[in-house]
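Novice: Mind having a look at this structure? Questions to follow.
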Amino acid sequence: FPHIDKQLLRGDWAHCFVAQYGNLLMAVGIWSRPIAANRMRDGGRLLELRRFAICSDAPKNTASRMLGWMVREVGRIHPELLRVVSYQDTSVHAGTIYKACGWTPVSRSKFVDWNTHGQVKGRVTQSTADKIRWEKQIR
């Protein structure tokens, strides 16, 4: 399961979801305010999928089913929510689940180290691959 630290659950909107199949936990998703909300149009009315992990033994289509369910649920909880965002690590997957759920790729960016002067001690860079930002309109 993903590691959760205080930087992950940002602001007043933070939600954690789990999918269970039988007696086994198959997937988890963690949502919070976007890390770069101040740089995004309507950033205060967005949620970002910060972590999403699927068990390799999960039934087929678990990822897209859970993603669709989570988006509907956060939209129900937050009627003021305009859209959701997520970042695809291009070294890990092809964005298939986002495509299957009707998300739109809106930008591609090269790696930038946000910990430029060692402000956050012990932080490990997870990936230096290009990222694609995907968005889905809620309202």
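Novice: Could you grab the pairs with beta carbons closer than 7 Å, sequence gap of 6+ or different chains, first residue in segment 27-41 and farther than 15 Å from residue 51 by Cα and touching a residue at least 40 places away in the same chain (Cβ under 8 Å), second one part of a loop (DSSP other than H, G, I, E, B) and open to solvent by less than 40 Å² (accessible area, probe 1.4 Å)?
Specialist: Listed pairs, sorted by first residue: 40/34.
Novice: Can you pull out the residues in segment 88-100 that are of a type outside the set (Ser, Thr, Tyr) and touching a residue at least 40 places away in the same chain (Cβ under 8 Å)?
Specialist: Within segment 88-100, 88, 89 qualify.
Novice: Next question. What's the total number of residues in segment 58-81 that are in a loop (DSSP other than H, G, I, E, B) and in contact with a strand residue (DSSP E or B) (Cβ under 9 Å, 6 or more places away or on another chain)?
Specialist: 4
Novice: Specify the residue that is most open to solvent (accessible area, probe 1.4 Å); the eligible residues are those in segment 44-87 that are of a type in the set (Ser, Thr, Tyr) and in contact (Cβ under 8 Å) with a residue 40 or more places away in the chain. Walk me through it before giving the result.
Specialist: Of the residues in segment 44-87, the ones of a type in the set (Ser, Thr, Tyr) are 56, 62, 64, 86-87.
Next, only the ones that are in contact (Cβ under 8 Å) with a residue 40 or more places away in the chain stay: 62, 86-87.
Numbers: 62: 22, 86: 2, 87: 79 Å².
Checked segment 44-87; the qualifying residue most open to solvent (accessible area, probe 1.4 Å) is 87.
Novice: Then there's this: Which residues, taken from segment 29-43, are crowded, with 18+ Cβ neighbours inside 10 Å and not hydrophobic (A, V, I, L, M, F, W, C)?
Specialist: Within segment 29-43, 29, 32, 33, 34 meet the criteria.
The values are calculated or read from the model by the stated rules, or taken from the named source; none is laboratory data. Not measured: the values here are computed from a predicted model. Note that we place each Cβ from the backbone using ideal geometry, even for glycine, and neighbour counts take in every protein chain shown. Ligands, DNA and RNA are excluded from the accessible area calculation, which covers all protein heavy atoms including side chains. Shrake-Rupley method; radii C 1.70, N 1.55, O 1.52, S 1.80 Å.
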